[in-house]
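Just below is one structure, and these are the notes that go with it.
The values are calculated or read from the model by the stated rules, or taken from the named source; none is laboratory data. Everything numeric in this text was worked out from a predicted model, so none of it was measured. A quick note on method: Cβ atoms are made from the backbone with ideal geometry, for glycine too, and the neighbour counts reach across all protein chains shown. Accessible surface is based on the protein model in full, side chains and every heavy atom, while ligands, DNA and RNA are left aside. Shrake-Rupley method; radii C 1.70, N 1.55, O 1.52, S 1.80 Å.
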Amino acid sequence: MKKLILLFLLLFTIKSQAQMYNDSSFNANVVHPKFKKGYGPKILIDAGHHNFLVEIGLIKPLFDVASSDGYQIKIDSMQFTKEYLSNYNIVVILTAMPFKYGSEDFSLFFNGQKQADVFTFTTDELNVLHDWVSNGGSLLMFSEHAPLDKAVTPLFNKFGIQLSIGIVADSLNSDTTIKMPGWPQQSFLKFTSTNGLLNTEHPITKGEKKNERISNILTIGGGGLTGDGYTNILKLSNSAMIKKWNGTMPTGTPNSQCLAGNVGKGKLVALGDCNGFTAMIIKSGEYKLSAGMQVSGYDWKQFVLNTLHWLSL
């Protein structure tokens with residue numbers, strides 16, 4: 001009987017979630033690559049911690065863009081050790097979880113019926129990763145809305161960043177023209193050069209050339225960040241709030257969805273939403289939503305490139 005209940009919960013979770021797939025029309029080509037193809041810095045995309053964007057293939061657009069820009073990029077699933085990380089210049093940690101996407105445990109976890117107290121990263125891994133960054137490595141890491149925020153809280157806390165729990169919404173700075181069943185209407189947040197929520201003076205938003213400047217960014221829900229000593233790239237306004245999501249009570253008063261800064265000799269970029277680093281279609285019933293680097297009017301593809309370039313310096 002218990003197995004039947006777990007199976008029902010699993011099927012309900014999978015069917016009730018929006019369908020996500022890569023946008024086949026996305027052009028990942030970089031016209032003027034920063035590095036000669038195959039000779040750029042080495043990037044590790046972590047696949048060793050149930051990173052669901054990697055597990056279901058939504059990492060492909062990021063992989064293709066970075067490769068087109070000349071980076072040597074590898075997806076690998078080994079645990080973090082000093083020797084292992086020494087092979088890379090940049091580590092990317094996307095949507096890490098304690099359970100495999102689509103498993104029974106994941107179903108219970110996603111619906112708030114199983115806590116994230118099963119550590120996504122071991123203490124040794126976090127210590128090794130922090131030492132690697134402190135000694136000159138570059139880390140790009142992502143949180144998300146609940147319950148994924150719970151799963152990566154120890155990772156972010158290790159680098160002095162606090163996470164909200166829930167989903168971020170903003171009644172005054174959201175794109176209300178976007179409709180998606182099941183999503184809070186005010187969770188499509190706009191960070192622009194006109195509303196003052198986009199920090200236009202950081203190298204990530206300024207770019208290295210005039211045509212690389214970032215003006216408009218849209219996030220889709222996600223989680224919030226707070227971290228002293230980091231530069232706030234995507235600022236949350238006073239009207240932003242944390243809402244209940246997936247049965248998780250909201251906590252935290254974050255001020256950002258993107259922080260960047262130095263950790264010892266290394267660099268760190270942390271984001272509360274991962275959608276901008278994809279190029280996907282989200283489908284729910286008759287509704288379809290484009291999210292990420294292919295969305296017209298927003299500058300995610302250039303933001304991705306600028307972020308990698310800054311981490312490469």
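Annotations for the structure displayed:
- Checked against (1) in a loop (DSSP other than H, G, I, E, B); (2) over 26 Å from Val92 (Cβ atoms), Gly160 meets all criteria but (2).
- Top-ranked residue in the range 271-313 [being in a helix (DSSP H, G or I) and aromatic (Phe, Trp, Tyr); ranked as surrounded by the fewest Cβ atoms within 10 Å (Cβ to Cβ)]: Trp310
- Restricted to the range 168-270, the set of strands (runs of 3 or more DSSP E) holding at least 1 residues that are free of Cβ contacts under 8 Å to residues at least 24 places away in the same chain comprises 256-263.
- Selection from the range 234-248 of residues that are touching a strand residue (DSSP E or B) at 6+ places or on another chain (Cβ under 7 Å), open to solvent by 20 Å² or more (accessible area, probe 1.4 Å) and within 22 Å of Pro181 (Cα to Cα): Ala240, Met241, Ile242, Lys243, Trp245
- Selected residue (criterion: most open to solvent (accessible area, probe 1.4 Å)) from residues of the range 55-71 that are at pLDDT 95 or above and out of contact with any helix residue (DSSP H, G or I) (no Cβ under 9 Å at 6 or more places or on another chain): Lys60
- Residues that are touching an Asp or Glu at 6+ places or on another chain (Cβ under 8 Å) and open to solvent by 30 Å² or more (accessible area, probe 1.4 Å) within the range 17-46 comprise Pro33, Lys34, Phe35, listed in sequence order.
- Test: residue in the range 82-92 that is crowded, with 23+ Cβ neighbours inside 10 Å and within 22 Å of Ala146 (Cα to Cα): yes
- Test: residue in the range 223-233 that is of a type in the set (Val, Ile, Thr) and open to solvent by 60 Å² or more (accessible area, probe 1.4 Å): no
- Residue satisfying all of: in the range 185-201; surrounded by fewer than 18 Cβ atoms within 10 Å (Cβ to Cβ) and of a type outside the set (S, T, N, Q); nearest to Ala270 (Cα to Cα) among these: Glu201
- Per the conditions (1) on the phi < 0 side of the Ramachandran plot; (2) at pLDDT below 95, the sole criterion not satisfied by Thr95 is (1).
- Check on Asn211, of a type in the set (S, T, N, Q), surrounded by fewer than 18 Cβ atoms within 10 Å (Cβ to Cβ) and under 18 Å from the mean Cα position of the chain (by Cα): no
- Subset of the range 133-154 that is in a helix (DSSP H, G or I) and closer than 22 Å to Met97 by Cβ - its residue that is modelled with the highest pLDDT: Val133
- Test: residue in the range 161-173 that is surrounded by 18 or more Cβ atoms within 10 Å (Cβ to Cβ) and closer than 23 Å to Leu313 by Cβ: yes
- Scanning the range 179-200 for residues that are more than 18 Å from Gly272 (Cβ to Cβ) and of a type outside the set (Gly, Ala, Ser) yields Lys179, Met180, Pro181, Gln185, Thr194, Thr200.
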